[in-house]
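Notes follow the structure.
The values are calculated or read from the model by the stated rules, or taken from the named source; none is laboratory data. Because the structure is a prediction, the values reported are computed rather than measured. In this analysis, Cβ positions are derived from the backbone assuming ideal geometry, glycine residues included, and neighbour counts consider all displayed protein chains. Note: accessible area is taken over every heavy atom of the protein model, side chains too, but ligands, DNA and RNA are not part of it. Shrake-Rupley method; radii C 1.70, N 1.55, O 1.52, S 1.80 Å.
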Amino acid sequence: MRFEKKEYLDELFEFLKIPSISADPNYKNDVKKAAEWIAEKLLDAGCEKVKIENTKGHPIVYGENFISKELPTILVYGHYDVQPPDPIDLWENPPFEPVIKNTKIHPDGAIFARGSCDDKGQLYMHVKAFQILKSSNKLKCNVKFLFEGEEEVGSENLESYVNKFKEKLKSDIIIISDTGIGSLEKPKITIGLRGLSYMEISVLGPNRDLHSGLYGGSVANPINVLNKIIASLHDKENKITIPGFYKDVIELSKKERERIIFSELDEKNFRKSLDIKSTDGELKYNTEERRSIRPTLDVNGIWGGYMGEGSKTVIASTAHAKISMRLVPNQKWKKISSLFKKHIEKVSPKHVKIKVKTHHGGEPYLMPINNSGYLAAEKAYKESFGIKPKPKRDGGSIPIVPMFEKILGSKTVLMGFGFDSDAIHSPNEHFGVKNFYRGIETIILFYDNFSK
Ligand code: BES
Ligand code: MN
Ligand code: MN
């Protein structure tokens, strides 16, 4: 097939070798290198104007290929930063030395490297799709590219950039490949993303670590207190106990819920793939609902006290936890963060001090299936996969998507090609070679359909 060029993979490998870890200041220079690399490739692809915009954090790469005012404009967004690779010992191959290996679900091979699926591999499909269209004189729309290096840490500087350059960034539709497709046999297009509110709690006890024999039992132990608070955040039905938490949640009708079925077979595979005996979550909802249309609260990290080798008898002076809440329409992340803070402060006992910090957040997102962009994507998937794709609500978050809608007034089509099992954010992240080529093909078809 004309999109299956080995050189595309070689180029992607170069990109994947740059450890553009946005969260770790030690890699700031590598993030910059990745920005320069992708800017160069955009130019090579024939994009007329390409600019690297420096921010307080990592750079933004902007590209523009204007043809005519009469033609529609597509804005392509992607992120070239990646998650930290840890825990590093669990990688079968080093995270920044890409290799292709066959797996059961990827019999034609998958590229193993941090960022292969999230999101360098998916971003690069867009550069190649554009290049193919442009070089064959088949480009019939204006294109703008917006690539950022801070998606995995909250897109803070992108928000001010978008606000500042509102006019310049205007488009008829936004397309992003940074989600999943389900499977190649039964493709799905993401029409919903959950919002996010990311918090941190610190429990502060005595002014120093104490001997747990001399003081234990007489002084509140911050770790015990923190655990009690966390345990109280879910009730017996696994509902979140923060007052007002569900107030703005739009409950789906029975009919809408019936479409989100998770069959017995899926449930079995799901459990098997994770090596767990049973699933768990909010009572009266199935697994698929629990991970897409329902809001959640999860501890992402918890620490304090002695964590070294062997044992040490000690009452730690402080304890900490990072907690994220996934939100659904019409919850507002700032409101949820403030409800969380108030609640934690209220339930914490008076014998400790408590600090609640907001990290970052984002709103949930929904795309109507009669949107012209969605319809153009639906047709493109149908042409390239031979079957009409189904819409699907996803559990992850891309806060810039609702932000685009608010600031630019444009809807986003989430044309993802990853599998849930591609291990994004986990050790051994990978992306199917076939998914990569099919992605390029489908994006080209989208351009075609949308420009008509
Ligand atoms: N690409 C993911 C989001 C995603 C993946 C959505 C798969 C749907 C399906 C993105 O890079 C991501 O990881 N987002 C973060 C939020 C961000 C603010 C750190 C997330 O969802 O945890
Ligand atoms: Mn991503
Ligand atoms: Mn991610």
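Here are some notes:
- Normalised by the number of residues in the range 13-120, the average gap of Cα pairs under 8 Å and 6 or more apart makes the relative contact order 27 percent.
- Our coupling estimate for the range 47-58, obtained by passing each phi through the Karplus curve with A = 6.51, B = -1.76, C = 1.60 and θ = phi - 60°, is 5, 6, 10, 9, 9, 9, 9, 7, 10, 5, x, 8 Hz, Gly and Pro reported as x.
- Three-way shape call for the range 1-106 based on the alpha-carbon gyration tensor, with the a/c threshold at 1.5: oblate
- Along the range 135-151 the Karplus relation, 6.51 cos²θ - 1.76 cosθ + 1.60 evaluated at θ = phi - 60°, assigns HN-Hα couplings of 6, 9, 6, 10, 7, 10, 7, 7, 10, 10, 10, 9, 10, 10, x, 9, 4 Hz to successive residues, with x for each Gly and Pro.
- Heavy atoms of Glu258: accessible area, 1.4 Å probe, square angstrom to 10: 110 Å²
- Relative contact order (percent, whole number), the chain, Cα cutoff 8 Å, 6+ residue spacing: 25 percent
- Of Asp10, Asp422, Asp30, the order by accessible heavy-atom surface (1.4 Å probe, DNA, RNA and ligands excluded), from most exposed downward, is Asp10, Asp30, Asp422.
- Of the GluC sites (Glu not before Pro) found in the range 71-157, those that fall in a DSSP loop while having at most 15 other beta-carbon atoms within 10 Å are Glu92.
- Sparse-neighbour loop sites [trypsin sites (Lys or Arg not before Pro); the range 47-103; at most 10 other C-beta within 10 Å; DSSP]: Lys56, Lys69
- Full extension of the segment from Lys357 to Ser253, taken as 0.36 nm per residue of separation minus the current Cα-Cα distance, would add 33.9 nm.
- Here's the picture: charge each Lys and Arg Cβ at +1 and each Asp and Glu Cβ at -1 in the chain, and of Ser426, Thr279, Gln331 the one pushed furthest to the positive end of that dipole is Gln331.
- Dipole check for the range 279-421: with +1 at the C-beta of Lys and Arg, -1 at the C-beta of Asp and Glu, and the Cα centre as origin, the magnitude is about 660 Debye.
- Among the chymotrypsin sites (Phe, Trp or Tyr not before Pro) in the range 13-104, those located in a DSSP loop and surrounded by at most 16 other Cβ atoms within 10 Å of their own Cβ are Phe66.
- For the pair the range 289-305 / the range 28-60, the C-alpha centres are spaced 34 Å from each other.
- Within the full protein context, the accessible area of Ile369 is estimated at about 80 Å² for a probe radius of 1.4 Å.
- Taking the charge dipole of the range 54-153 about its Cα centre, with +1 at Lys and Arg Cβ atoms and -1 at Asp and Glu Cβ atoms, the residue from Ile60, His79, Val143 reaching farthest to the positive side is Val143.
- Charges were assigned to the Cβ only: +1 to each Lys and Arg, -1 to each Asp and Glu. The resulting dipole of the range 358-431 about its Cα centre is roughly 340 debye.
- Alpha-carbon centroids, the range 325-367 and the range 161-198: separation in whole Å: 24 Å
- Other-chain or far-sequence residues with amide H under 5 Å of Ile175's (modelled H): Leu75, Val76, Tyr77, Val413
- Across the range 290-295, rounded Karplus estimates of 3J(HN,Hα) from the backbone phi angles (6.51 cos²θ - 1.76 cosθ + 1.60, θ = phi - 60°) give 4, 9, 9, 9, 10, x Hz, Gly and Pro being marked x.
- Annotation: aspartates and glutamates with alpha-carbon distance below 15 angstrom to Lys188 (same-chain offsets under eight excluded): Asp178, Glu288, Glu378, Glu383, Asp394, Asp420.
- Listed pairs Lys228/Lys322; Lys120/Lys392; Lys17/Lys277 exceeding 26 Å between Cα atoms: Lys17/Lys277
- Residue separation of Lys228 and Glu4 scaled by 0.36 nm, minus their Cα-Cα distance, works out to 75.1 nm of gained length.
- Ignoring aspartates and glutamates fewer than eight residues from Lys28 along the same chain, the ones with Cα atoms less than 12 angstrom from its Cα are Asp81, Glu150.
- Spatially proximal aspartates and glutamates relative to Lys379 (Cα-Cα < 17 Å; intrachain offsets below 8 disregarded): Glu185, Glu441, Asp448
- If you take all other residues with their beta carbon under 14 Å from the beta carbon of Glu156, and give Lys and Arg +1 and Asp and Glu -1, the sum is -4.
- Only Lys, Arg (+1) and Asp, Glu (-1) charged, at Cβ; the chain dipole about Cα centre in debye: 1480 debye
- Amide H to amide H distances under 5 Å link His234 with Thr241, where only residues 5 or more positions off or on other chains count and H is placed in the peptide plane.
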